[in-house]
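First up is the structure itself, then whatever we jot down about it.
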Amino acid sequence: MNFTIITHVSHYKENAHLLGYAPYVREMNIWLKYIDSVTIVGPLSKEKAGNIDLAYEHSKISFKEITALALTTPLGVLKSMINLPFVLWQIFRAMQTADHIHLRCPGNVGLLGCLVQILFPSKIKTAKYAGNWDPESKQPWSYRLQKYILNNTFLTKNMQVLVYGEWPEQSKNIKSFFTATYSESDKEIIEKTSFNSGIKFIFVGSLVSGKNPLYAIKLVERLIEKGHNAVLDLYGEGVERKSLEEYIQNNKLNNHIFLKGNQNLEIVKSAYQNSHFVVLPSKSEGWPKAVAEGMFWGCVPISTSVSCVPFMLDYGKSGILLKMNLETDTAPIEAMLLDNQCFYSKSALSSGWSQNYTTDIFEAEIKKLLHK
């Protein structure tokens, strides 16, 4: 089987290896265990791979480079329009020789893939929609168009679309799915330390406005002002790093808030294991891995109520759904700090839920998809 991936993810070449964003590649490597050959259509970066990038694991990879499409600036739009015919042609050619077409959505390249796949109604296809599938959510028009095409059984045939959460009035194309980071062998009894030596919060994600790291900092800052010995470690990089550093410095939070940058899976895993709470005040998510990963290690999740997050937190029974008001949001955290039994109960519920979603189960489900 020639498995063809259409993706917006930036790729890097190091020696004989092809690398990409680790969480995405780690997932794709599970798919590729059951594939004879793979064709990847995506952008290629001239920069060096970072420590959050990972190599594909397959002996027969054909990479088709396309120009990254950027529509956020007038110049970017102009360049993208000039390159558009070539990108469409590369996607078309790759789909021609594919036995199985796999789209990664949402994204500009994913949108083009959604359009081109209409020309191949008889080919077997899957799409991973990694964003928020909630039909009531406010999203860019390009995301809404991708969702419309994928959900439409007249335009999109022989397709299984993997989405996060269960939503009403969806076509037969749509399949509720999940993602996973840890295996069955990673499972262990969780023993969180008491709050006596400090209350430990962790944020994992890009330092961008959409992930709202500043709100996580302000939340912990408010607890500190109320007399709690709290610390917050933020793992990730992004355009807001400098402004966050300035906020930490200006508000004398250097002994409580720490920017750890991008780190590998093992370092982040250890950080989860040693934290009490995982915080993600994000504006939009699909299946937030940071929340699921933190819960796996017994962190009580504190997250906005977006996409399938309410389901993940059992509608507040195993965590806290943020209202994005500091006074309102600190109240249930403080209540938990004063009631250790409440914390340990939610911690156990969190790990119990998340440990149902392992890479072993994920792999079994992927195998079923590929052999249908």
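Selection of first residues in segment 256-277 that are under 24 Å from residue 54 (Cβ atoms) and part of a strand (DSSP E or B) and of second residues that are at pLDDT 95 or above and among the acidic types (Asp, Glu), restricted to Cβ pairs under 9 Å at least 6 apart or on distinct chains, gives the following pairs, ordered by first then second residue: 259/233; 259/237; 259/245; 260/233; 261/237.
Residues are listed down the side, and each one gets a yes or a no for (1) in the same structural domain as residue 285 (by TED's automatic domain parsing); (2) modelled with pLDDT under 95; (3) farther than 22 Å from residue 293 by Cα:
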{"site": "174", "(1), (2), (3)": "no, no, yes"}
{"site": "189", "(1), (2), (3)": "yes, yes, no"}
{"site": "200", "(1), (2), (3)": "yes, no, no"}
{"site": "217", "(1), (2), (3)": "yes, no, no"}
{"site": "223", "(1), (2), (3)": "yes, no, yes"}
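One residue stands out among those in segment 193-245 that are among the charged types (D, E, K, R) and touching a helix residue (DSSP H, G or I) at 6+ places or on another chain (Cβ under 8 Å): the one that is farthest from residue 330 (Cα to Cα), which is 240. There is no residue in segment 319-333 that is under 22 Å from residue 206 (Cβ atoms), among the polar types (S, T, N, Q) and in contact (Cβ under 8 Å) with a residue 12 or more places away in the chain. The one condition from (1) of a type in the set (Ser, Thr, Tyr); (2) in a helix (DSSP H, G or I); (3) under 30 Å from residue 248 (Cβ atoms) that residue 143 does not meet is (3). Scanning segment 245-304 for residues that are in contact with a Leu (Cβ under 8 Å, 6 or more places away or on another chain), among the hydroxyl-bearing types (Ser, Thr, Tyr) and within 27 Å of residue 340 (Cα to Cα) yields 303, 304. Taking the conditions (1) under 21 Å from the mean Cα position of the chain (by Cα); (2) not assigned by TED's automatic domain parsing to the domain that holds residue 131; (3) not polar (S, T, N, Q) in turn, residue 317 satisfies each one other than (1).
For segment 334-362, the candidate set comprises residues that are in contact with a Phe, Trp or Tyr (Cβ under 9 Å, 6 or more places away or on another chain), in a helix (DSSP H, G or I) and not aromatic (Phe, Trp, Tyr); within that set, the residue that is surrounded by the most Cβ atoms within 10 Å (Cβ to Cβ) is 350.
If you check every pair at least six apart or on different chains, which have Cβ atoms under 6 Å apart with a residue in segment 143-171 that is assigned by TED's automatic domain parsing to the domain that holds residue 8 and modelled with pLDDT of 95 or more first and a residue that is assigned to a helix (DSSP H, G or I) and loosely packed, with under 15 Cβ neighbours inside 10 Å second? Correct list of pairs: 155/118. When residue 128 is tested against (1) surrounded by fewer than 22 Cβ atoms within 10 Å (Cβ to Cβ); (2) within 21 Å of the chain's Cα centre (by Cα); (3) basic (Lys, Arg), only condition (1) is not met. Filtering segment 60-72 for residues that are out of contact with any strand residue (DSSP E or B) (no Cβ under 9 Å at 6 or more places or on another chain), hydrophobic (A, V, I, L, M, F, W, C) and more than 21 Å from residue 105 (Cα to Cα) leaves an empty set.
Per-residue answers, yes or no, for (1) surrounded by fewer than 17 Cβ atoms within 10 Å (Cβ to Cβ); (2) in the same structural domain as residue 307 (by TED's automatic domain parsing); (3) closer than 14 Å to residue 4 by Cβ:
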| residue | (1), (2), (3) |
| --- | --- |
| 29 | yes, no, no |
| 42 | no, no, yes |
| 60 | yes, no, yes |
| 110 | no, no, yes |
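The values are calculated or read from the model by the stated rules, or taken from the named source; none is laboratory data. In this text, all values refer to a predicted model and were calculated from it rather than measured experimentally. Please note: Cβ atoms are built from the backbone with ideal geometry, for glycine as well, and neighbour counts cover all protein chains shown.
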